[in-house]
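One structure is given below, encoded as structure tokens.
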Amino acid sequence: MCLSQLVIIALLLSMGTSKPLKQDRPSCGYQSCPQGKPGMLNVHLICHTHDDVGWLKTVDQYFYGANNTIQRAGVQYILDSVIQELRHDPKKRFIYVETAFFWRWWRQQHDHMRHQVQKLVRDGQLEFIGGGWSMNDEATCHYNDIIDQMTWGFRRLSDTFGSCGIPRIGWQIDPFGHSREQASLFAQMYFDGLFLGRIDYQDKSKRQKTQTMEMVWKASDDIGPAADLFTGVLPNTYSPPAGFCFDTLCDSVPIMDDPRLHDYNVNERVDSFIKIAHEQAKMYTTNHIVMTMGEDFNYQNANLWYKNLDKIIKYVNEKQKNGSNVNVFYSTPSCYLYALNQANKTWPTKSDDFFPYASDPHAYWTGYFTSRPSIKGFVKHSNNFLQVCKQLDTLARLGPMDAGDVSVLPLQVSFLFQLVPIPLAVQKIPGRVSKATSELVFNVKLPALGFSTYFIRKSNKFNTGCDIANRWKTRLLREFHLSNGIKLPVKQSFYWYNGMNGNNSEAKFRASGAYIFRPNGTTPYPIDNNVTVTLVTGPLLNEIHQTFSPWISQVIRIYNNTKYAELEWLVGPIPIKNNIGKEIITRFDTNLQSKKKFYTDANGRQVLKRVRNERPTWSLNITEPVSGNYYPVNSRIYIKDDSKNIQLTILTDRSQGGSSLSDGSIELMVHRRLLYDDAFGVGEPLNETGVDGRGLVVRGRHLILLNSTSVAGKQQRELSEKVLLQPWLSFAPFSGSEYEWAKQFTTEYSGLKRPLPPNIHLLTLEQWKGNSVLLRLEHFFEKTDDPRGLSKPANVSLKDMFTPFNVVNVTETTLGANQPLRKASRFAWNIEHNSTRTNVNTGHQRDAPTGPEFNITLNPMEIRTFLVTLNDSVKQLKSIS
């Protein structure tokens with residue numbers, strides 16, 4: 001679940017920064033890595049813990065070790081215990097991943113302990129891997145959220161540990177499938193490599209047999225080698241080899257090495273370890289392999305782990321005297337990656353993604369793409385709010401306006417408006433406190449990076465501007481019309497799949513649950529036997545209010561002068577009286593010949609082609625024809641018919657699972673309510689209830705675009721950006737004169753002196769340190785979206801961009817803002833390319849901002865990150881009420 005930005009909001013004001021302590025020349029990084037032995041099978045032991053930033057307990061409960069009846073986990077004890085073990089032996093190493101927990105622990109430490117930890121980091125014994133605030137999921141997160149939460153974690157580490165706090169490795173060991181856009185973002189953060197824990201069981205089986213567990217992932221068609229990222233699949237997800245888990249939470253037999261005692265077992269345990277090492281080596285291509293020595297919330301008593309691993313290292317390496325070629329030592333993921341890079345091998349490549357993920361023939365982890373839809377909606381909403389807050393904070397940082405400026409006075413203008421009745425189903429949502437029965441609609445024009453103020457007065461004399469027609473029976477959406485006269489038959493309705501019940505005793509009895517989508521059957525049940533309809537018409541928009549059942553309704557809304565339709569759905573409480581859980585979908589059926597193909601976005605950014613019942617890199621044995629064809633939809637899904645030159649696109653307001661299970665059809669799962677656990681750790685059914693104890697009611701939106709294929713890419717890209725970051729509405733009680741208000745407050749304002757090019761998006765505007773601001777600009781078009789227009793490179797001047805200040809100095813950084821780009825570098829790799837060996841230098845260097853105007857160019861899908869220094873204000877912003 002992508003909740004990183006909520007955590008950021010909660011902690012933003014409460015956290016101070018800690019300056020790096022004075023230190024000697026550091027030996028952290030690759031130069032501190034232990035050297036393997038030539039001709040030996042070198043086994044890198046990775047001591048680690050996987051600490052979920054909230055799962056079965058709250059983040060603070062996990063940190064303190066509260067509610068251990070739910071899960072025995074206390075992260076503060078892990079860090080306490082590990083630090084003591086590392087201090088006693090310079091050969092021992094440990095990696096830590098989740099900055100959210102480390103920062104909680106660090107703030108509580110005495111200065112003496114901080115110095116000790118600084119030394120461990122400087123010496124390479126304690127290494128930060130990943131380094132984000134959390135290890136985010138890759139299916140349901142938007143790229144804006146990913147960048148923000150990674151940047152926040154990076155900043156804490158850099159401020160505290162300097163260059164030794166810069167992570168070099170992506171460590172995505174627990175997400176349920178992996179996104180190509182996530183890999184691209186990591187590459188732009190200048191990670192040298194990425195290690196994965198979970199990939200599809202069929203994919204993994206083939207890779208093990210063909211020694212392709214490690215590869216160079218080509219993660220973007222647009223930015224090319226800059227998005228290439230070495231990627232390795234770990235052998236045991238992220239667990240130790242069977243029988244070698246030495247935590248208090250494990251039951252493996254310890255190494256008993258006193259020959260005077262009865263249960264002496266060194267020879268047996270060493271032989272078992274060596275055998276496992278040789279078996280694992282068959283899956284990889286170098287004489288280096290990695291073993292992850294840790295699990296969920298391990299190392300609360302680190303002595304148990306290290307005492308036994310010390311013995312493994314000692315006794316396995318002693319076998320070298322008798323001809324063994326296995327060499328074992330403490331290492332880290334970065335040191336393992338360094339050894340692979342030094343091996344000078346030629347690596348295979350991959351250009352698709354790792355979705356969907358299945359752990360067995362009946363366990364496709366595609367249900368969680370939609371699970372908890374209310375929270376997923378709140379996450380999108382909160383990101384919108386966070387960006388608004390950061391922008392306002394930056395623009396208003398320079399104090400009040402000069403008294404002599406009354407920049408915009410309100411004009412007495414009568415706006416065309418429309419009062420639209422709120423559907424009865426919405427008014428009856430359990431827990432709704434508003435007494436409103438209508439919504440006010442009027443057109444506004446907002447300045448770029450700015451705001452406008454509108455004064456609304458209640459009048460007893462007005463016309464609602466609406467006509468309400470009688471209710472009709474059984475009326476469904478049947479047809480879309482293009483502005484150029486093209487018509488497309490489209491039937492849209494709601495259906496449900498029965499969730500599979502099961503006891504999970506074996507794969508064939510797997511239940512549908514919080515993670516797993518497993519319908520009982522392949523044909524969903526329709527919910528449109530008796531649909532009633534109310535038509536609302538007016539000067540600004542027309543609406544159709546549909547009621548499908550007592551628990552499903554929808555508003556089809558079409559604004560004047562727009563090229564899309566808005567479908568606002570309301571689902572719940574999902575009935576479960578028949579003791580069967582339900583998976584609710586909305587489906588659009590057309591006559592488009594889509595030829596098994598459909599397209600979904602990756603984290604709201606690049607778009608990937610999907611082919612029903614196929615995977616690009618292995619022959620798929622399809623065992624779950626519905627859930628096995630579901631993919632994450634973070635912002636859009638579409639199908640197209642090239643012969644008819646038509647594309648049908650559905651934009652979502654939150655992350656959902658979706659598919660095209662037959663040609664011409666798109667379906668999206670909007671809500672789930674299930675009565676059985678799927679036995680993957682949650683320990684309870686996905687049975688959310690609302691304030692009244694009944695099933696949860698969820699309300700959301702889909703925007704429907706019907707275009708010719710030649711312009712569809714451009715229009716869906718533009719609209720998806722507007723859906724992501726909508727204007728934020730603020731309300732204040734008002735009485736008196738608009739002119740008096742305008743004397744006191746700014747009523748209209750733009751933070752930009754001129755609009756940005758239409759293909760450029762201001763992704764980040766955030767106060768940083770001192771008089772500097774973090775600025776990110778992105779070209780949000782792919783090369784194929786609008787080749788003759790908006791997919792071309794765009795130029796921007798940073799110097800004279802903003803209204804309240806000027807930019808006087810610019811430093812370009814990596815995407816995570818923790819390294820100047822001019823100093824950043826990445827490994828080069830040899831890859832297979834057209835049966836030849838090609839060297840790919842992934843250290844992409846862009847042209848620096850040029851001239852006194854700081855001119856920059858952005859190419860399709862590029863994000864450029866800058867720390868900009870500001871001068872005194874040019875035109876300051878008055879107080880905002």
Can you tell me which residue among Asn634, Asn645 is at pLDDT below 95 and farther than 30 Å from Gln427 by Cβ?
Asn645
When Tyr306 is run through (1) crowded, with 22+ Cβ neighbours inside 10 Å; (2) assigned to a loop (DSSP other than H, G, I, E, B), the failure sits at (2)
So if I check each of Ser750, Ser720, which one is more than 30 Å from Asn503 (Cβ to Cβ), surrounded by fewer than 19 Cβ atoms within 10 Å (Cβ to Cβ) and of a type outside the set (A, V, I, L, M, F, W, C)?
Ser750
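Matching residues to (1) within 22 Å of Phe63 (Cβ to Cβ); (2) crowded, with 24+ Cβ neighbours inside 10 Å; (3) not assigned by TED's automatic domain parsing to the domain that holds Met293:
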position: Asp89; (1), (2), (3): no, no, no
position: Phe94; (1), (2), (3): yes, yes, no
position: Lys119; (1), (2), (3): no, no, no
position: Asp123; (1), (2), (3): no, no, no
position: Trp133; (1), (2), (3): yes, yes, no
position: Thr140; (1), (2), (3): no, yes, no
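Can you pull out the residues in the range 430-443 that are surrounded by fewer than 16 Cβ atoms within 10 Å (Cβ to Cβ) and touching a residue at least 60 places away in the same chain (Cβ under 8 Å)? Break it down into steps so the answer makes sense when it comes.
Keep residues of the range 430-443 that are surrounded by fewer than 16 Cβ atoms within 10 Å (Cβ to Cβ), which gives 430-440, 442-443.
Scanning the range 430-443 gives Pro430, Gly431, Phe442, Asn443.
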What's the number of the only condition in (1) out of contact with any Pro (no Cβ under 9 Å at 6 or more places or on another chain); (2) surrounded by fewer than 22 Cβ atoms within 10 Å (Cβ to Cβ) that Asp159 fails to meet?
(1)
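Within the range 831-846, identify whether any single residue is modelled with pLDDT of 90 or more and assigned to a strand (DSSP E or B), and answer yes or no.
The first filter runs over the range 831-846 and keeps only residues modelled with pLDDT of 90 or more, leaving 831.
From what is left, the residues that are assigned to a strand (DSSP E or B) are 831.
Yes, because at least one residue in the range 831-846 is modelled with pLDDT of 90 or more and assigned to a strand (DSSP E or B).
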Of a type in the set (D, E, K, R) and assigned to a loop (DSSP other than H, G, I, E, B): is that true of Lys91 in this structure?
yes
When every residue in the range 364-400 that is surrounded by fewer than 19 Cβ atoms within 10 Å (Cβ to Cβ) and part of a loop (DSSP other than H, G, I, E, B) is compared, the one farthest from the chain's Cα centre (by Cα) is Pro400
Name, by its number, the condition in (1) in a strand (DSSP E or B); (2) within 27 Å of the chain's Cα centre (by Cα) that does not hold for Val808.
(2)
Can you tell me which residues in the range 327-363 are surrounded by 22 or more Cβ atoms within 10 Å (Cβ to Cβ), charged (D, E, K, R) and more than 16 Å from Val216 (Cα to Cα)?
none
Of all residues in the range 690-717 being surrounded by 13 or more Cβ atoms within 10 Å (Cβ to Cβ) and farther than 30 Å from Lys783 by Cβ, the one that is modelled with the lowest pLDDT:
Gly690
If we only count strands (runs of 3 or more DSSP E) wholly inside the range 695-778, which ones have 2 or more residues that are closer than 30 Å to Lys582 by Cβ, touching a residue at least 60 places away in the same chain (Cβ under 8 Å) and in the same structural domain as Asp641 (by TED's automatic domain parsing)?
698-707
I'd like the full set of residues that are over 19 Å from Val53 (Cβ atoms) and of a type in the set (Phe, Trp, Tyr), limited to the range 144-182.
Phe161
Any chance Ser272 is of a type in the set (Gly, Ala, Ser), within 30 Å of His88 (Cα to Cα) and buried (at least 18 other Cβ atoms within 10 Å of the Cβ):
no
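One line per residue, one yes/no per condition, for (1) over 24 Å from Leu126 (Cα atoms); (2) hydroxyl-bearing (Ser, Thr, Tyr); (3) in contact with a Lys or Arg (Cβ under 9 Å, 6 or more places away or on another chain):
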site: Leu304; (1), (2), (3): no, no, no
site: Glu318; (1), (2), (3): yes, no, no
site: Gly323; (1), (2), (3): yes, no, no
site: Tyr330; (1), (2), (3): no, yes, yes
site: Tyr336; (1), (2), (3): no, yes, no
site: Leu340; (1), (2), (3): no, no, no
site: Lys345; (1), (2), (3): yes, no, no
Of the numbered conditions (1) within 28 Å of Tyr357 (Cα to Cα); (2) touching a Leu at 6+ places or on another chain (Cβ under 9 Å); (3) part of a loop (DSSP other than H, G, I, E, B); (4) not charged (D, E, K, R), Asn67 satisfies every one except a single condition; which is it?
(1)
From the list Asp221, Asp159, Asp200, which one is closer than 23 Å to Ile516 by Cα and among the acidic types (Asp, Glu)?
Asp200
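Applying the selection to the range 733-746, what residues are of a type outside the set (Asp, Glu) and either farther than 30 Å from Leu775 by Cβ or crowded, with 20+ Cβ neighbours inside 10 Å (or both)?
Result: Pro733, Phe734, Ser735, Gly736, Ser737, Tyr739, Trp741, Ala742, Lys743, Gln744, Thr746.
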Which of the residues belonging to the range 701-716 are touching a strand residue (DSSP E or B) at 6+ places or on another chain (Cβ under 6 Å) and either more than 25 Å from Lys491 (Cβ to Cβ) or of a type in the set (Gly, Ala, Ser) (or both)?
Ala712
Scan the range 321-334 and give yes if some residue there is in contact with a Phe, Trp or Tyr (Cβ under 8 Å, 6 or more places away or on another chain), assigned to a helix (DSSP H, G or I) and under 30 Å from Asn830 (Cβ atoms), otherwise no.
yes
Could you go through the range 292-311 and let me know if any residue there is farther than 30 Å from Thr69 by Cα, in the same structural domain as Phe176 (by TED's automatic domain parsing), in contact (Cβ under 8 Å) with a residue 12 or more places away in the chain and not charged (D, E, K, R).
no
Is there any pair with a first residue in the range 673-690 that is assigned by TED's automatic domain parsing to the domain that holds Arg518 and a second that is among the aromatic types (Phe, Trp, Tyr) whose Cβ atoms are under 7 Å apart and which are 6 or more apart or on different chains, and what are they?
Asp678/Tyr515; Phe680/Tyr515; Pro685/Tyr676
(1) of a type in the set (S, T, N, Q); (2) without any contact (Cβ under 8 Å) to a residue 60 or more places away in the chain; (3) over 30 Å from Asn322 (Cα atoms) all hold for Gln84 apart from (2)
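Could you pull out every one of the strands (runs of 3 or more DSSP E) wholly within the range 619-689 that has 3 or more residues that are within 23 Å of Leu570 (Cβ to Cβ)?
646-652, 656-659, 665-673
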Looking only at the range 118-137, which residues are outside any loop (DSSP other than H, G, I, E, B) and of a type outside the set (Val, Ile, Thr)?
Gln118, Lys119, Leu120, Arg122, Leu126, Glu127, Phe128
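The values are calculated or read from the model by the stated rules, or taken from the named source; none is laboratory data. This structure is a prediction, so every number in the text was calculated from the model and none was measured. With ideal geometry, Cβ positions are generated from the backbone for all residues, glycine too; neighbour counts draw on all protein chains shown.
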